[in-house]
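Colleague: Mind looking over this structure? Questions follow.
The values are calculated or read from the model by the stated rules, or taken from the named source; none is laboratory data. Small disclaimer: the values here were computed from a predicted structure and weren't measured. Using ideal geometry, Cβ is built from the backbone for each residue, glycine included, and neighbour counts are taken over all protein chains shown.
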Amino acid sequence: MLRPRSRPRNRERLSILRPARDFSGFALPGLFLYGVLVLVPIGWTVVLGFTDRNRFDPQTSWVGLDQFSHLLQDDQFWLVLKNTFVVTAIVVIVPNALGLAIALLLDRETRLYRLLRSVFFTPVILSGIVVSVIWQSVLRPDGVLNRVLADAGVESAPGWLSDPGIALFSISGIICWQMLGFCVVVYLAGLNGVPRELYEAAIVDGAGWWRRFRSVTWPMIASAVTINTVMLLISGFKVYEHILVLTNGGPGRNTTASIAFDVIEKGVRGDRIGFAAAEATIMLAVIVVLSGVVLRLLQRREVHL
Amino acid sequence: MRDRFEVVRPIAAIALAAVFFFPVYVVVMGMLKPPEEIQSSPLGLPVPPTGENFSAVLGREDGLYWSALLNSVQITVLSVLALTLLSAMLAHYLVRSKARWTRPALLMLLAGLMIPPAVILQPVTQVLGAAGLMNSVAGVVCANVAYYLPFGVFVFSGFIGTVPVEMEEAASIDGASRFRMFWQVVFPTLRPAAASVMIFLGVWVWNDFLTPLVVLGPESGTTVTVGVYRSVGEYSTNFGTLYAFSFLASLPVLLFFVALQKQFVAGLTAGSVK
């Protein structure tokens, strides 16, 4: 480091990386794995969607858009797609709104509030399977919730996981419970980044609590809103484990099945791989378009200091 | 008005947190009770607490918990180490290289953040099968590294952009080799980013369900997360044992969280405030 500086420093000639040699050492291993185990599989899924592949029939042939037109005429596909949108909408809205409210409540730097922050964050680090086991103990027919309701005099307690009109909302609620702490912590970080002077200036101007929230806090935490919304959108859209453990797609046929659940079930059964691939292709297109649009809309209102 | 709310604030916060935590309470109490007591008083405290659920899980004849724990530890440690190294090097290359393709490559990688596993699962098993990696820990590690690489690259590339390039230039004038330069000069400056990558990926890989379920398959054992799922059916009448299994499966990440709480929050903060 302490060599004489008389040597001319030619910035143009001094490249940090020597392209050909460093590519194989630095970039290739990661790109290779990503290519072989993510990009190729995506392409493969899209291609399979145009075939009638079936694990029990070695003869696979091209069927053009047949699988897609079958899908669009299949009531079950529309049901599963609708379920996915219901879950995703609830999961995007509820933890976002509640998370912000709780972050405002916990926005104090004492030991109590740090402890409560961890309480809300705990489900975030648990697996979907464990979270489902936890909620099953509360929501099953003879579970804790219905026994509490019975003690309170409610005669016919609802079937939280067995009533087709309720089960999908129970599952959405459980995912909200799991994601809430994530939103709380991201919002707390966002609130922490708002300069105190802005609040002081607003108070001097006579702004009340709501006015300060609307005009200072809300615009200043825009990037936290973006992070949470995109994260929730992706988690809501790929929901699978909770459904598998809690309802296995039922009660009845597909009343709580999501598109991810349906694709995986069909893939595991193996009798309609082409059909499942067409469904997965639609799923991929929807999530890419949806998160692209949401990201663009939300980033437009982010303020940069 | 403002002062009055400051009195209500801790009460409201504690009450909300208590309601929120109620399901966890039920399970934690349940795992310390014999089956009859879970039925008769699900909400009461376990007096006296029993260890029979834990000994039932830990002392299973097939040793499921212990073999699953070994698999989980192997898969998590290997995946996280490989991911940290590969994504740091790749992000460094993509950010620093002047080649024109690196910008689109970076965007393509970041798009990978939102691919649902269900979309690629079927072909991934075919690729791993062709490579002879199905039913093995190595296969799960490869699938994890590929799937989570975008997250690592996302965090590292954001961070590398903030590290001054002059330091690397100085090192390369000194004639250090590329790899030495990277490990001795660049990587130490990336430590905060590496910490959040390792923390988040550690938790995600540990909790992963679908990949180990399908890639390990029933023959090669399970991870603890898959083990919990397998025992849901098995212990359908014995909730205490199921709760104990769930607790033991989550214990490593819970301890990890308690130990690294500050870094967890710092990791989220770095991502969200930038």
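Colleague: Sort out which residues of region B:92-124 are more than 9 Å from every other protein chain (Cβ to nearest Cβ) and assigned to a helix (DSSP H, G or I), and write them in order of number.
Modeller: First, the residues of region B:92-124 that are more than 9 Å from every other protein chain (Cβ to nearest Cβ): B:95, B:100-101, B:103-104, B:106-107, B:110.
The answer is B:V95, B:R103, B:P104, B:L106, B:L107, B:L110.
Colleague: Please return the ranges of helices (runs of 4 or more DSSP H) entirely within region B:150-252 where 2 or more residues are within 25 Å of the chain's Cα centre (by Cα) and not hydrophobic (A, V, I, L, M, F, W, C). If you could, list the steps in order and put the result at the bottom.
Modeller: Values: elements: B:166-173, B:178-181, B:191-207, B:210-216, B:224-234.
Hits in region B:150-252: B:191-207, B:210-216, B:224-234.
Colleague: State the number of residues belonging to region B:175-214 that are of a type in the set (V, I, T) and more than 11 Å from chain A (Cβ to nearest Cβ). Step through it out loud before you land on a result.
Modeller: Just the residues of region B:175-214 that are of a type in the set (V, I, T), to begin with: B:185-186, B:189, B:197, B:199, B:203, B:205, B:211, B:214.
From what's left, more than 11 Å from chain A (Cβ to nearest Cβ): B:189, B:197.
Adding up the residues that qualify gives 2.
Colleague: Which of (1) more than 9 Å from every other protein chain (Cβ to nearest Cβ); (2) touching a helix residue (DSSP H, G or I) at 6+ places or on another chain (Cβ under 7 Å); (3) among the hydrophobic types (A, V, I, L, M, F, W, C) is the odd one out, the single condition B:I11 does not satisfy?
Modeller: The failed condition is (2).
Colleague: From the residues in region B:78-101 that are surrounded by fewer than 16 Cβ atoms within 10 Å (Cβ to Cβ) and of a type outside the set (A, V, I, L, M), which one is modelled with the lowest pLDDT?
Modeller: Filtering region B:78-101 for residues surrounded by fewer than 16 Cβ atoms within 10 Å (Cβ to Cβ) gives B:81, B:98-101.
Next, only the ones that are of a type outside the set (A, V, I, L, M) stay: B:98, B:100-101.
Values: B:K98: 77, B:R100: 82, B:W101: 85.
Within region B:78-101, the match that is modelled with the lowest pLDDT is B:K98.
Colleague: So in region B:59-77, with the set limited to residues that are at pLDDT below 90 and surrounded by fewer than 15 Cβ atoms within 10 Å (Cβ to Cβ), which one is farthest from the chain's Cα centre (by Cα)?
Modeller: Result: B:E61.
Colleague: Here is a further query. Suppose we filter region A:204-247 for residues that are among the aliphatic types (A, V, I, L, M) and loosely packed, with under 14 Cβ neighbours inside 10 Å; how many remain?
Modeller: As a first pass, look at region A:204-247 and keep what is among the aliphatic types (A, V, I, L, M): A:204, A:207, A:216, A:220-222, A:224-225, A:227, A:230-234, A:239, A:243-246.
Narrowing further to those that are loosely packed, with under 14 Cβ neighbours inside 10 Å: A:204.
Residues in region A:204-247 being among the aliphatic types (A, V, I, L, M) and loosely packed, with under 14 Cβ neighbours inside 10 Å: 1 in total.
Colleague: Something else now. Working only within region A:287-305, note down all residues that are without any contact (Cβ under 8 Å) to a residue 40 or more places away in the chain and within 14 Å of A:L233 (Cβ to Cβ).
Modeller: Result: A:V288, A:V289, A:G292, A:V293, A:R296, A:L297.
Colleague: I'd like to check something: does region A:176-190 contain any residue that is surrounded by 14 or more Cβ atoms within 10 Å (Cβ to Cβ) and modelled with pLDDT under 90? First the steps, then the outcome.
Modeller: Taking region A:176-190 first, the residues surrounded by 14 or more Cβ atoms within 10 Å (Cβ to Cβ) are A:176-190.
Adding the requirement that they be modelled with pLDDT under 90 leaves A:189-190.
The answer is yes; a qualifying residue exists.
Colleague: β-branched (V, I, T), surrounded by 15 or more Cβ atoms within 10 Å (Cβ to Cβ) and either in contact (Cβ under 8 Å) with a residue 60 or more places away in the chain or more than 8 Å from chain A (Cβ to nearest Cβ) (or both), is that true of B:V141? Outline the logic, then answer.
Modeller: On the way: β-branched (V, I, T): yes; surrounded by 15 or more Cβ atoms within 10 Å (Cβ to Cβ): yes; either in contact (Cβ under 8 Å) with a residue 60 or more places away in the chain or more than 8 Å from chain A (Cβ to nearest Cβ) (or both): yes.
Spelling it out, B:V141 is indeed β-branched (V, I, T), surrounded by 15 or more Cβ atoms within 10 Å (Cβ to Cβ) and either in contact (Cβ under 8 Å) with a residue 60 or more places away in the chain or more than 8 Å from chain A (Cβ to nearest Cβ) (or both).
Colleague: What's the number of the condition B:V47 fails, among (1) within 13 Å of another protein chain (Cβ to nearest Cβ); (2) more than 19 Å from B:S246 (Cα to Cα)?
Modeller: Here B:V47 meets the rest and fails (1).
Colleague: Can I ask one more? Hey, can you tell me all the residues within region A:256-278 that are in a loop (DSSP other than H, G, I, E, B) and either at pLDDT 90 or above or within 12 Å of chain B (Cβ to nearest Cβ) (or both)? Don't jump to the end; show me each part of the working.
Modeller: Restricting attention to region A:256-278, the residues satisfying the condition of being in a loop (DSSP other than H, G, I, E, B) are A:256-258, A:270-272.
The answer is A:T256, A:A257, A:S258, A:G270, A:R272.
Colleague: To continue, here is another question. State yes or no: is A:K266 at negative phi and in contact with a Phe, Trp or Tyr (Cβ under 7 Å, 6 or more places away or on another chain)? Full working, then the answer.
Modeller: Numbers: at negative phi: yes; in contact with a Phe, Trp or Tyr (Cβ under 7 Å, 6 or more places away or on another chain): yes.
Here the answer is yes, as A:K266 does meet what is asked.
Colleague: Collect the residues in region B:243-268 that are touching a Gly at 6+ places or on another chain (Cβ under 8 Å) and either modelled with pLDDT under 90 or in the same structural domain as B:P34 (by TED's automatic domain parsing) (or both), keeping them in residue-number order. First the steps, then the outcome.
Modeller: Of all residues in region B:243-268, those touching a Gly at 6+ places or on another chain (Cβ under 8 Å) come to B:243, B:245, B:249, B:253, B:256.
Residue satisfying the conditions is B:F256 alone.
Colleague: So, one more: Of the numbered conditions (1) surrounded by fewer than 17 Cβ atoms within 10 Å (Cβ to Cβ); (2) within 28 Å of the chain's Cα centre (by Cα); (3) not aromatic (F, W, Y), A:L65 satisfies every one except a single condition; which is it?
Modeller: Answer for A:L65: the failing condition is (2).
Colleague: Would you call B:S55 among the hydroxyl-bearing types (S, T, Y) and surrounded by 20 or more Cβ atoms within 10 Å (Cβ to Cβ)?
Modeller: Details: among the hydroxyl-bearing types (S, T, Y): yes; surrounded by 20 or more Cβ atoms within 10 Å (Cβ to Cβ): no.
In short, no.
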